[in-house]
């Protein structure tokens, strides 16, 4: 978990930043030292602080970059983030790397803007895997942390691309099993005749082509967490066997004669309405109740728009070199916020990957944002408006 020192002296948005970091479960140490040359009374005992956040004015007052680095070394801090405000800048923000990236200078045209706060958080906590900015998402994460420390089975339901598998990873990372294996299997991606052997394992010679024994996914996840992704796609014939494994905590490999005990926490996900699946006899009612001990629900991106900017920054970092992450212009940000994203995070990621190809220099502007509306936008002649048409327009404007 990220832990950082926020030096509040001369940092006009310190209260907003402190609230944001605390809301996102980040441990912070507030420093209000009047003796700028001495940080000795900042209590770091028991903390694993790796980041220092301060203003450029504070850096000047302590004696410049050299003094700041000296304190960082003494406190074993590996990252320094210095915030500048330049109201005359033509860009929303700019990132300058020094000391091989160990010191980052973040320059903002408007330090009070929400985008500026998200950029600061992103660079202070690059290892924070679950990007979020919406209040409802914070509530979901807080609830997930409470659920994670128990060993109950969790059923995550939500639309395609809304982050169900990411939430499953979050549960594992905050559970007592976090140092044990996390194994995910997509029930829709495996042929029906192979799913049983993959889940429960098989003995050598159990079927044609079984030239060696395989312990299976359940035993591979022993002591850890098993994610059954898109479990609503599991055939009915296998659902009864899964129910027995969940009840008895034992698996019988295909072709085997003895039960093998397993200690696995099971998480399951689906994008379907499971009550409807049960009523239409496509999913066993008893298995549904066995899995649905604690239900969690993910939302469409359109219903949590404050998540869009943090997720976008994380996506850009994922697809860029560490020392080159393009800046999102104000107009581009508005375009992202105003779209409904029927494909959720997958569609957002595709759009940003296209933007990385189309953008000039290090700025993603509105002309770089090419949103594919071919699935939901038809012309009056019932002709699909293709993405190729939008790309042709992009060439004339770039």
(message) Condition (residue is assigned to a loop (DSSP other than H, G, I, E, B) and surrounded by fewer than 16 Cβ atoms within 10 Å (Cβ to Cβ)) applied to region 296-319: is it met by at least one residue?
(response) no
(request) Collect the residues in region 190-199 that are within 15 Å of residue 232 (Cα to Cα) and without any contact (Cβ under 8 Å) to a residue 40 or more places away in the chain, keeping them in residue-number order. (result) 190, 191
(message) Taking the conditions exactly as written (over 19 Å from residue 149 (Cβ atoms) and touching a helix residue (DSSP H, G or I) at 6+ places or on another chain (Cβ under 7 Å)), does residue 182 satisfy them or not?
(response) no
(request) Could you run through region 69-113 and say how many residues are in contact with a strand residue (DSSP E or B) (Cβ under 6 Å, 6 or more places away or on another chain) and in a helix (DSSP H, G or I)? (result) 1
(request) Just give me the residues in region 1-24 being under 18 Å from residue 133 (Cβ atoms) and free of Cβ contacts under 8 Å to residues at least 40 places away in the same chain, in sequence order. (result) 15, 18, 19, 22
(message) I'd like the full set of residues that are buried (at least 22 other Cβ atoms within 10 Å of the Cβ), out of contact with any strand residue (DSSP E or B) (no Cβ under 7 Å at 6 or more places or on another chain) and not in a loop (DSSP other than H, G, I, E, B), limited to region 221-253.
(response) 242
(message) Going residue by residue through region 254-274, is there one that turns out to be assigned by TED's automatic domain parsing to the domain that holds residue 182 and assigned to a helix (DSSP H, G or I)?
(response) yes
(message) Please go through region 182-197 and give me each residue that is buried (at least 18 other Cβ atoms within 10 Å of the Cβ) and modelled with pLDDT under 85, ordered by number.
(response) 195, 196, 197
(request) Filter region 59-68 down to residues that are out of contact with any helix residue (DSSP H, G or I) (no Cβ under 7 Å at 6 or more places or on another chain) and part of a loop (DSSP other than H, G, I, E, B), then give me how many there are. (result) 2
(message) Could you tell me how many of the residues in region 246-284 are under 32 Å from the mean Cα position of the chain (by Cα), over 26 Å from residue 169 (Cα atoms) and without any contact (Cβ under 8 Å) to a residue 24 or more places away in the chain?
(response) 2
(message) Exactly one of these conditions fails for residue 176: (1) in a loop (DSSP other than H, G, I, E, B); (2) touching a strand residue (DSSP E or B) at 6+ places or on another chain (Cβ under 9 Å). Give me its number.
(response) (2)
(request) State all residues of region 342-361 that are in a loop (DSSP other than H, G, I, E, B) and either over 24 Å from the mean Cα position of the chain (by Cα) or not assigned by TED's automatic domain parsing to the domain that holds residue 326 (or both); if no residue qualifies, say none. (result) 359, 361
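The values are calculated or read from the model by the stated rules, or taken from the named source; none is laboratory data. The structure presented is a predicted model; accordingly, all values stated were derived computationally and were not measured. Every residue, glycine among them, receives a Cβ derived from its backbone with ideal geometry; neighbour counts consider all protein chains shown.
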